[in-house]
Every structure is written in C-alpha cells, then in structure tokens.
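Structure first, then comments.
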C-alpha cells in the first residue's frame, strides 16, 4: 500500500505512515464488526445447544441484537466506586481492549497481506498476549472490592500457568517451520503431509494442536476455564464494579481475544490462508475466505465447549496446566527436535 | 525523521517513568510505572534493530516478572507513615548507592568519549555484521562460541529453581487431596451395588 501512496506524490515516510494507518483501520473496523456478530453467533449457538431460541427480536433473526446492546450500554451512566483508584479503574478496560487489538498486526490474512511482516511475529503475539493479564489485574486491584480482587489473583496465576505450555507448543511449530515469521509459518505448511495443508495432519504436531486449543481457552478465560468470572462464586469477577462503556470494552476485548486465538489456531496448525488441500482449484477461492472459514470453525468449537462442559475447579485447572500440559509439551519439544535432527531437517 | 521522533518519545517516556517509579508513593503505581519503563526500553531496542531482545524483554519482564511483582505488591497493606520512617532510616544507604551509580555513569561517559568498545573476534579483527536475522545470529553464537557459558547459565537457573522448590515445599498431612488417577480407575461395578431389599428390612453394605 505504501507504493500506492508514493504514487500520489508523497515522500516515502509520509506514504508509509498513511499506509500503516489505513492498514490499522482496515483491520480494526472489520474486527469490531466481526466481534459484534460473533457475540450474536455465540449466543445463538449456546441457545441452540440448550434448545432455546436465543436473541430473535431485534432485526431479522435477531441479527442486530449486539448493536442494540451496544447502544444501550453506551447510553448508560459510568459509575466509579468512591473507594476505587479512579485513574487505574478507567485505564484497566482500555488496556484490555487495546491489547486485544494489538496482536492482530502480525496475523497474515493472505499471502503477504499483513500489517507488520516482522521476523519475530510469533514472539510478538506471545508478548502481547502476556500483557492481557494486566487489564484484569489492575481492574481487580483498583476496584477496591473483595470479589474483583479474588478474580484478579486467579487471573494472574491462570494466565502465567498456561502461557508456559503455550510457549513450548509454539517452539514445536517454530522448529518445524524454521522461522518466527507468521507468513512464512503458513507457507511452510503447504502440502505438509501428502496434499494436506497444515501442521495438524502431522502425527507429532496433532497432539500439540489439541493442547494449544485447550490452552487457548484457558488463556482467554473461556469456559470451562472461566474461573475469573465464575458467577457462582465471584459475582461477576473483575467486572463486578464496572458499568457502561468500561464494561463494554471488557466484553469486546474478551471476544477479540477469542477470535485471535481462533486465528492463531488456523495460522499455526491449519494452514492459515491456504486451502485445506493443496489442489489448484481450491486456490481460486481467496485466501482471506479460507482464513475466515477456519476462524469461524474454531469459534464454533469454542462455543460448543462453553455450552456443554462444566467449569473446572481451581486446583484442577492448576493441575492440568502444570502437571499434565507442561511435561507433555516439554516431551514433545524433545520428540519434535529429535525427529527433525534424525531426519536431517536442519541440514 | 520519524525514527528520531520515536527515539526521543521512547527515551523521554523511559526516563520519566523510571523516575516516577521511585517517586510514586503507592507501590502498585510504582510497579505499573516500572512496566511502562520496560515497555519503552523494548521500543528503544526495536529502534536499534534488536527486535529479539525487545520481545524477550516484554515476554520475560513485563509478562512474567512484573506480574509476580504486582501480585505481591497488591497484597501489601500500605502504611504511608511507616514508609516515610523507612525513608529516613535507609537514606544514607540509598545515598551511597546513588553516588556509586553516578560515578559509574560518569566514568562510562568519559570512557565512551575515548571511543566505543569494538566487538571483535579472538584474533583481534572486527566482527562482521551477521547476514541473518536476529534470532538466528543469537542462536548461532549461543550454541557454538558460548555453548559452555550458556549451559552453565542453564545449570545455575536449574539449581536456583530446585532450591526454591525445596525451600518452600512442605508435606501437609492434615488435608485430603484429590487423587485423580484413583478416581478415574474406579469402575461402576465396584462402586455401586444393586439390591432389592424386602419391605421393612434394612440394607447391609
């Protein structure tokens, strides 16, 4: 896009700046629209699994429900508890929301169609996702209230625990792809096993994908790992004291994070913007469409799990993270690197 | 142009947040300013092309170390009077530390004026700029030239980790934990019995 603006007679620096801002808007606006629709989809799927109808009043089939909710929340009064730490109380939802958008900068939507094509793309994603905990922790502390504080404690312990195993899972992917650049990782998956595009068809990496999916649910605090907002114990967790737009920012940020996890599943294990099979006809469909279909597929899995699986107890959550996922993912780092060394992959 | 702007933005914010870290009254605010300082330092690293170090800084310090800091500090019961008393008591020590740091900075500046330290090879020639990405260059160095130092650092960390676990580990006998594998191994046949007792008679299990 930089070349297009340079063609209009701008210097390189200005063209680059304008192109980047346009790129950010091109990602952020559809993402916000997507989040609104995905909240609707989540409620519909959840309702269908419980034999209910779900939202069906606002607009045709209830399609405009999220926008109605958004408008309602927008018109509400922002209440700040008198004992709260005002500055931090307001910054916390902004952090959550911003961080949820930031990681999308390195997701490749098509071959080369990525806002920031950086060499350390995967590390960037890891770095940004580790920031997500701050929004929750700061909210819990600054609310100056009992239940949000418990929730903040839970959130920080939970996210650190699952980040460790996610790190090892990503190392397996990086070893096989030989790069941290997400665009190149997608390219490395082309006809990985026979004509299947994607690391998931690889017997050594398939268990890693399953663990990544589960860790992703824990990392985004989705059911069955939604202990941070367990309503039976903690009222509404860290969101208890929030109202109006501050609350909506958490809501949006949470779903943007879930979509990001779905996109990462697609990009790292299911071939991203590549079609599922390496057949020339399938490449006629734009890569963006394939990526979108994969994201929606994973979101369906997330919703399905939310609708059917009961919530974990806290000690069970910690046990799964530290006693099962950590050793198994470490074992697979050995297996994958050993296999790659034995077959001369690095030669 | 834009690089210069970015450099001064990151540098100013880094120094400012570093200063506020030690000036803030509230320890939680201190930690948050410290996080901002880390973040801006990472930005400076990106500007000089050390993107790998920048990402590590964010992942390790911001993502893990500072979270643990915050975790501890949040649970403190802050007593400002006591904090101020501590300030007077520890003032000489802090002053001594500040003097040492200032002298080091000063010496560093003078030495810097005599020319920067050239990164060179063992035979005295200047090192070539690596024709590969950051991660590859660091990996190639760590696993070849500095292999033993790298392994030694790993062993030190391992010992520290085991030491921390040994120091904090305690076997509790007064609680009954859940044994998941035992639960999973339990089958319905051995856990339940199906009886049809006569009316008026109890059941002996």
- Query: If packing is taken as the mean number of other Cβ atoms within 10 Å per residue, what is the order of A:187-193, B:25-31, A:78-84, highest first?
  - Reply: A:187-193, B:25-31, A:78-84
- Query: Taking chain A as a Gaussian network, where each spring joins two C-alpha atoms under 10 Å apart, which residue of A:296, A:234, A:26 fluctuates the most?
  - Reply: A:26
- Which of A:199, A:180, A:212 moves the most in a Gaussian network model of chain A with Cα springs under 10 Å? A:180
- Message: Please compute the average number of Cβ atoms from other chains found within 10 Å of each residue's Cβ in peptide A:151-161.
- Response: 2
- Task: Specify the residue with the greatest mean-square fluctuation among A:239, A:158, A:76, computed from a Gaussian network of chain A linking alpha-carbon atoms under 10 Å apart.
- Result: A:76
- Measuring from the lowest to the highest alpha carbon on each principal axis, how far does the range A:76-342 reach, largest first, in angstroms? 62, 38, 34
- Message: Helix-only estimate, please: 222 nm mean residue ellipticity of chain A, summing -39500 (n - 2.57) across DSSP H runs of length 4 or more and dividing by its residues, to the nearest 500.
- Response: -21500 deg cm²/dmol
- Message: I need the Kirkwood Rh of the range A:28-99: take the reciprocal of the average 1/r across all distinct C-alpha pairs and report it in angstrom.
- Response: 14.5 Å
- Item | Average beta carbon contacts from partner chains per residue of A:129-137, 10 Å cutoff | 4
- Item | Area projected by the alpha carbon convex hull of the range A:75-188, averaged over all directions, nm² | 9.0 nm²
- Item | the protein assembly as shown - Rg (one decimal) and Dmax (whole number), Cα, Å | 26.8, 104
- Could you give the angle, 0 to 90 degrees to the nearest 10, between helix A:287-308's Cα long axis and the longest principal axis of the Cα atoms of chain A? 50 degrees
- Task: Using label points projected 7 Å from each Cα along Cα→Cβ, tell me how many nm separate residue B:145 and residue A:10, to one decimal.
- Result: 4.2 nm
- Query: Where does the Debye-calculated log10 I(q)/I(0) of the range A:188-276 sit at q = 0.25 Å⁻¹, using only Cα point scatterers of equal weight, no solvent?
  - Reply: -1.18
- Query: Peptides A:200-206, A:269-275, A:308-314: what's the order by average Cβ count within 10 Å, highest mean first?
  - Reply: A:269-275, A:200-206, A:308-314
- Inter-chain Cβ neighbour average for residues A:119-126, partner chain, 10 Å: 5
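Just so you know, all these numbers are worked out from the coordinates, no wet-lab data involved. Quick caveat: nothing in here was measured; it's all calculated off a predicted structure. So basically every Cβ, Gly included, is an ideal-geometry build from the backbone, and we count neighbours across all protein chains shown.
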